[in-house]
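*Asks:* My questions will all concern the structure given below.
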Amino acid sequence: MSDATATPAFPNRIFSGIQPSGGLTLGNYLGALKRFAQKQDEGIESIYCIVDMHAITVWQDPAKLRHATRELTAAYIASGIDPEKSVLFNQSQVSAHAELGWIFNCVARLGWMNRMTQFKDKTAGKNAEASSLGLYAYPALMAADILAYKATHVPVGDDQKQHVELTRDIAAKFNHDFGVNFFPMPEPVIEGAATRVMSLRDGTKKMSKSDPSDASRINLTDDADTIAKKLRKAVTDPEPLPETLEGLSARAEARNLVNIYAALSNTSAEAVLTEFAGQGFGTFKPKLAELAVAVLSPISSEMARLMQDPSEIDRILSRGAERADAIARPILEEVYDIVGMVRRKA
């Protein structure tokens with residue numbers, strides 16, 4: 001039997017996905033879209049997915065789901081993803097995700113699912129018994145999303161690292177159970193100054209489209225004036241910026257704005273402090289607003305332009321799905337053979 005932990009020479013391949021839940025924010029851009037575009041140019045095959053099957057783990061209005069799927073596609077492209085360089089598609093157009101997801105439902109253990117913190121977070125204070133089975137079991141589908149392409153690297157935010165660890169557990173158990181070394185052990189890729197962008201009103205909370213206060217977030221559809229206004233009014237403290245990161249340890253709002261500036265300017269938080277140490281937020285926030293407008297306004301404008309032609313967006317997704325299926329289908333067929341399924345002969 002092969003050693004399931006000894007990964008053979010799997011070719012490097014990136015996979016990552018975002019739910020089309022609507023209301024894209026600066027957090028989506030800095031934590032995912034911007035990083036995806038950078039990875040695309042590193043010479044590694046990149047597969048990016050709008051995970052619409054994950055979205056329906058909670059009820060979605062069909063018209064709004066279609067709009068959100070197209071809007072997210074527009075955001076990918078406006079942020080720098082080239083559909084000719086990377087594979088860009090929506091999950092439901094490639095059936096290998098659902099098919100492999102079922103097989104992984106039979107590999108994953110209930111105890112593993114019970115330890116997943118995101119299900120607990122999403123059902124906290126609610127009647128968990130009324131939640132969908134899909135919401136409970138979706139980490140197995142997420143593993144299928146990744147392993148259907150034998151992806152080796154998964155850019156994620158730090159709050160998603162547990163899902164990649166579960167994917168590794170599923171891959172290892174599959175390899176062990178069937179005496180193969182078929183799936184790689186994908187690595188989470190967590191990097192950048194603002195992998196988790198926090199609220200502009202409360203630096204201890206993640207920036208979220210579900211926050212009742214629109215002032216808590218920068219939406220990717222905000223115009224230049226709105227972006228600048230929100231950043232100028234962001235909650236801060238009266239102290240000047242320190243010289244070192246240690247000086248931000250108990251200053252959540254200040255740390256968040258410094259991280260945002262660093263991520264938008266492609267530099268480090270340390271470099272930002274070197275530039276602005278000793279200066280107050282009356283100086284720093286206008287500079288941050290100016291930078292944010294310069295980076296984000298072209299993205300929002302391009303998204304608006306792309307959304308005027310939904311049929312072209314649909315064409316891009318269809319072509320991406322064909323390319324994705326060409327990679328995933330042979331892998332899935334090998335999985336069926338390994339598991340012992342009788343297959344129709346070509």
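The values are calculated or read from the model by the stated rules, or taken from the named source; none is laboratory data. As the structure is a computational prediction, the values presented were derived from the model and not from experiment. Neighbour counts are summed over all protein chains in view; Cβ atoms, including those assigned to glycine, are modelled from backbone coordinates with ideal geometry. What goes into the accessible areas is simple: the full protein's heavy atoms, side chains included, and nothing from ligands, DNA or RNA. Shrake-Rupley method; radii C 1.70, N 1.55, O 1.52, S 1.80 Å.
*Asks:* What whole-number value in cubic angstrom gives the convex hull volume per residue for the C-alpha atoms of region 211-258?
*Replies:* Measuring per residue, one finds 98 Å³ for the Cα hull of region 211-258.
*Asks:* Please build a GNM for the chain, connecting alpha carbons under 10 Å apart, and tell me which residue among Val107, Val258, Val87 fluctuates the most.
*Replies:* It is Val107.
*Asks:* Now a separate question. Tell me, what is the 1.4 Å probe accessible area of Asp314, in Å² to the nearest 10?
*Replies:* Per-residue accessible area (Asp314): approximately 60 Å².
*Asks:* Would you calculate the volume per residue, in Å³, of the smallest convex hull containing every Cα atom of region 8-154?
*Replies:* Considering the Cα atoms of region 8-154, their hull volume per residue is 130 Å³.
*Asks:* When the expected Rg is taken as 2.2 N^0.38 Å, what fraction or multiple of it is the alpha-carbon Rg of region 166-250?
*Replies:* Computed over Cα atoms of region 166-250, the ratio equals 1.74.
*Asks:* Quick one: divide the alpha-carbon radius of gyration of the chain by 2.2 N^0.38 Å and tell me what you get.
*Replies:* Relative to the 2.2 N^0.38 Å estimate, the chain comes out at 1.05.
*Asks:* Can you pull the one-decimal nm distance between simple spin-label points at Ala98 and Thr267, each 7 Å off the Cα toward Cβ?
*Replies:* About 5.0 nm, to one decimal.
*Asks:* Give me the accessible area per residue for the chain, probe 1.4 Å, as a whole number in Å².
*Replies:* Details: 16140 Å² over 346 residues.
Counting only protein heavy atoms, the per-residue value for the chain is 47 Å².
*Asks:* Starting from 0 in steps of 5 Å, tell me what percent of the Cα-Cα pairs of region 25-109 lands in each bin.
*Replies:* That works out to 3, 13, 20, 20, 19, 14, 9, 2, in percent per bin.
*Asks:* Can you compute the modelled spin-label distance between Glu243 and Glu187, with each label point 7 Å from Cα toward Cβ, in nm?
*Replies:* For Glu243 paired with Glu187, the spin-label model returns 3.6 nm.
*Asks:* As a test question: what accessible area, to the nearest 10 Å², does Arg201 have when a 1.4 Å probe is rolled over all protein chains in place?
*Replies:* Here the residue's solvent-accessible area equals roughly 100 Å².
*Asks:* Also, I was wondering about something else. For the chain, which whole-number percentage of the solvent-accessible area (1.4 Å probe, protein heavy atoms only) is attributable to carbon and sulfur atoms?
*Replies:* That share works out to 51 percent.
*Asks:* Anyone know which of Ala148, Ala75, Ala250 comes out most mobile in the 10 Å Cα GNM of the chain?
*Replies:* Ala250
*Asks:* Give the ranking of Met303, Met341, Met185 by solvent-accessible surface, highest area first, calculated with a 1.4 Å probe.
*Replies:* Met341, Met185, Met303
*Asks:* Top to bottom by accessible area (1.4 Å), largest first, where do Ser249, Ser92, Ser208 land? Numbers along the way, then the final one.
*Replies:* Details: Ser249 95, Ser92 65, Ser208 35 Å².
Result of the area sort, largest leading: Ser249, Ser92, Ser208.
*Asks:* So what's the angle, to the nearest 10 degrees on a 0 to 90 scale, between helix 62-78 and the longest Cα principal axis of the chain?
*Replies:* Helix 62-78 sits at roughly 70 degrees to that axis.
*Asks:* Can you give the Rg and Dmax of region 268-317 based on its C-alpha atoms, in angstrom?
*Replies:* For region 268-317, the Cα radius of gyration and maximum Cα-Cα distance read 17.7, 52 Å.
*Asks:* For the chain, set up a Gaussian network in which alpha carbons nearer than 10 Å are linked by springs, and say which option among Asp41, Asp309, Asp158 fluctuates the most.
*Replies:* Most flexible of the set in this elastic network: Asp309.
*Asks:* Follow-up. So which GluC sites (Glu not before Pro) in region 1-86 end up in coil per DSSP with only 13 or fewer other C-beta atoms within 10 Å?
*Replies:* For GluC sites (Glu not before Pro) across region 1-86 that sit outside H, G, I, E and B with at most 13 neighbouring Cβ atoms in 10 Å, the list reads Glu42, Glu84.
*Asks:* Also, quick follow-up: Per-residue ellipticity at 222 nm for the chain, helices alone: DSSP H runs ≥ 4 residues times -39500 (n - 2.57), over residue total, nearest 500 deg cm²/dmol?
*Replies:* Helix contribution divided over all residues of the chain: -15500 deg cm²/dmol.
*Asks:* Turning to a different aspect of this structure: So for region 214-305, considering every pair of alpha-carbon atoms, how many percent are separated by more than 16 Å? Please report the intermediate quantities before stating the final value.
*Replies:* Working: 2202 of 4186 pairs.
When all Cα pairs of region 214-305 are counted, 53 percent exceed 16 Å.
*Asks:* Then there's this: With each pseudo-label sitting 7 Å past Cα toward Cβ, what's the Asp202-Val180 distance in nm, one decimal?
*Replies:* Going from the Asp202 label point to the Val180 one covers 4.8 nm.
*Asks:* Tell me the relative contact order for the chain as a rounded percent, counting alpha carbon contacts under 8 Å between residues six or more apart.
*Replies:* Reported relative contact order: 23 percent.
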